[in-house]
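Just below is one structure, and these are the notes that go with it.
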Ligand code: AMP
């Protein structure tokens with residue numbers, strides 16, 4: 001396909017406001033792309049490389065301005081290009097505003113008057129440009145880019161400039177290309193979506209859809225060494241998790257950086273959450289994998305910086321390592337890293353994306369033997385808020401960020417920020433509430449007060465707002481019983497009325513209106529945090545404050 005035709009189609013797409021029409025235009029573009037299908041599929045998204053490939057052209061804006069200026073003629077400087085940019089607002093319009101061609105020259109491509117640029121040629125030239133490295137590489141890149149602009153007519157220059165600066169912006173997102181591929185080659189959109197999830201290569205998926213149809217798409221599998229988009233989490237609550245699933249898989253939320261580990265049995269590659277190659281900055285993780293794993297795997301996890309005692313350090317410490325391209329050995333000495341693996345996407349030739357979380361985690365435990373540099377997350381399956389609170393308390397005590405709640409039966413859905421992984425929202429506000437009642441515990445805890453009734457202050461007394469039984473250790477229960485026993489007013493079975501005397505600081509996920517309690521409100525997932533020794537009951541939170549908090553929710 002001639003690049004001019006691609007540019008004309010891009011122009012048409014850009015001018016089209018309706019999403020469905022855009023899909024139709026992209027469909028027609030893909031259907032007529034012939035040998036250039038893979039390239040056109042990338043170019044239309046403004047990509048030169050597949051989504052999984054973190055290679056960049058490494059062209060800064062100023063180099064691009066210089067190339068444009070050179071191609072525009074002797075009297076034009078990079079500063080002139082910048083002036084026009086300030087006026088037009090985007091580089092495509094600037095590039096299209098010059099009359100290129102015929103500049104004698106610097107480039108091997110020579111002057112104007114050559115044959116028309118083709119999509120294939122632009123692609124090959126940009127691949128060469130990306131490969132230029134070492135001393136003099138910026139000059140080489142400038143020459144190559146000049147050569148391209150020098151042969152570009154106005155519409156071509158518009159999209160060439162945007163392509164090289166990753167500013168295509170013609171309204172074609174990933175969903176558009178997915179739908180257009182399905183329509184162009186008459187394959188189910190779900191099959192395209194799945195193939196994209198495992199390959200992250202829109203060009204390849206389009207080619208397979210055209211050549212081999214649905215069956216071919218189904219045969220696209222994960223490939224060790226080719227990064228997969230990370231499954232993401234939504235903010236959510238324990239109540240959400242327990243309402244939606246029979247039980248929740250609870251795990252520490254590590255405060256570090258996401259890392260995907262690929263091991264093909266010989267070599268290791270590591271990728272960040274954005275699928276950038278971070279193998280070089282993390283030599284100790286590479287060494288660990290080489291020493292401890294035998295079968296090919298793709299693992300998902302979080303790399304955390306730890307101090308001498310193995311306690312987690314803030315995530316900025318890990319990012320320092322990611323950014324560090326030189327002197328890796330020195331930073332490795334400064335900051336010790338630990339891999340906390342929590343998922344297994346592929347093991348020994350088998351793709352596990354569709355397997356339930358619990359099976360994937362079992363597999364993870366069987367392939368990775370924890371040792372100094374790496375640990376496997378502990379997955380606790382729990383169907384009650386107390387159990388979850390206990391895991392959370394342990395995670396926080398150990399210096400971690402909090403907990404993740406995962407649907408134990410869910411598949412691994414790359415790139416998806418769905419409802420199957422929830423990062424528990426931290427409590428935003430806490431309330432200081434008065435204890436006005438309690439219940440004696442059962443069994444082992446029969447001599448302790450267990451569930452505490454909480455109240456807010458009003459102008460003429462107290463109104464109930466909830467009960468708390470969660471987040472309290474046995475030791476704390478004994479202490480609370482000692483404190484509250486002298487204030488017991490009346491007992492009825494295991495129920496106890498307590499004279500307002502003690503104030504609890506309580507965390508919660510949400511305040512809801514509720515007929516259950518006399519205040520008219522109820523706390524969702526209330527958790528005991530501490531006794532407010534410093535507060536008298538008159539200093540406890542009022543119903544008015546609760547109303548204000550509800551208004552602000
Ligand atoms: P956030 O970055 O706040 O959106 O939280 C989601 C991120 O938490 C994920 O992308 C991971 O990098 C990180 N994370 C930490 N621990 C876990 C875990 N156990 N499971 C999944 N993601 C985790």
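The values are calculated or read from the model by the stated rules, or taken from the named source; none is laboratory data. Bear in mind that the values here come from a model prediction, so they are computed numbers and not experimental data. Neighbour counts are summed over all protein chains in view; Cβ atoms, including those assigned to glycine, are modelled from backbone coordinates with ideal geometry.
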> Which of (1) in a helix (DSSP H, G or I); (2) buried (at least 18 other Cβ atoms within 10 Å of the Cβ) is the odd one out, the single condition residue 48 does not satisfy?
Replying inline: (1)
> If you check residue 513 against the conditions, is it surrounded by 19 or more Cβ atoms within 10 Å (Cβ to Cβ) and at pLDDT below 95?
Replying inline: no
>> Could you check segment 258-272 and list, in sequence order, the residues that are within 16 Å of the ligand (Cβ to nearest atom) and without any contact (Cβ under 8 Å) to a residue 24 or more places away in the chain?
In response: 270
> Quick one: how many residues across segment 51-74 are more than 26 Å from the chain's Cα centre (by Cα) and not in a helix (DSSP H, G or I)?
Replying inline: 4
> Of 217, 222, which residue is within 30 Å of residue 28 (Cβ to Cβ), away from the ligand (no atom under 13 Å from the Cβ) and at pLDDT 95 or above?
Replying inline: 217
> Going by the conditions given, is residue 322 surrounded by fewer than 21 Cβ atoms within 10 Å (Cβ to Cβ), touching a residue at least 40 places away in the same chain (Cβ under 8 Å), farther than 23 Å from residue 225 by Cβ and within 15 Å of the ligand (Cβ to nearest atom)?
Replying inline: no
> What are the residues in segment 420-448 that are part of a loop (DSSP other than H, G, I, E, B) and either within 14 Å of the ligand (Cβ to nearest atom) or farther than 29 Å from residue 312 by Cα (or both), if any?
Replying inline: 420, 425, 426, 441, 442, 446, 447, 448
>> For a quick check of your reading: which helices (runs of 4 or more DSSP H) sit entirely within segment 136-207 and have at least 3 residues that are in contact with a helix residue (DSSP H, G or I) (Cβ under 7 Å, 6 or more places away or on another chain), in contact (Cβ under 8 Å) with a residue 24 or more places away in the chain and closer than 30 Å to residue 70 by Cβ?
In response: 137-150, 154-164
> What do you reckon, is residue 236 modelled with pLDDT under 95 and in contact with a helix residue (DSSP H, G or I) (Cβ under 8 Å, 6 or more places away or on another chain)?
Replying inline: no
> So which residues in segment 454-504 are more than 48 Å from the chain's Cα centre (by Cα) and within 30 Å of residue 397 (Cα to Cα)?
Replying inline: 485
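Could you list, in sequence order, all residues of segment 341-363 that are in a strand (DSSP E or B) and touching a residue at least 60 places away in the same chain (Cβ under 8 Å)?
Passing the criteria: 341, 342, 343, 345, 346, 351.
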>> Quick check on segment 293-312: of everything there that is within 13 Å of the ligand (Cβ to nearest atom) and under 12 Å from residue 399 (Cα atoms), which residue is surrounded by the most Cβ atoms within 10 Å (Cβ to Cβ)?
In response: 304
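Conditions (1) within 18 Å of residue 274 (Cβ to Cβ); (2) within 13 Å of the ligand (Cβ to nearest atom); (3) buried (at least 18 other Cβ atoms within 10 Å of the Cβ), marked per residue:
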site	(1), (2), (3)
226	yes, no, yes
229	yes, yes, yes
234	no, yes, no
239	no, no, no
253	no, yes, yes
256	yes, yes, yes
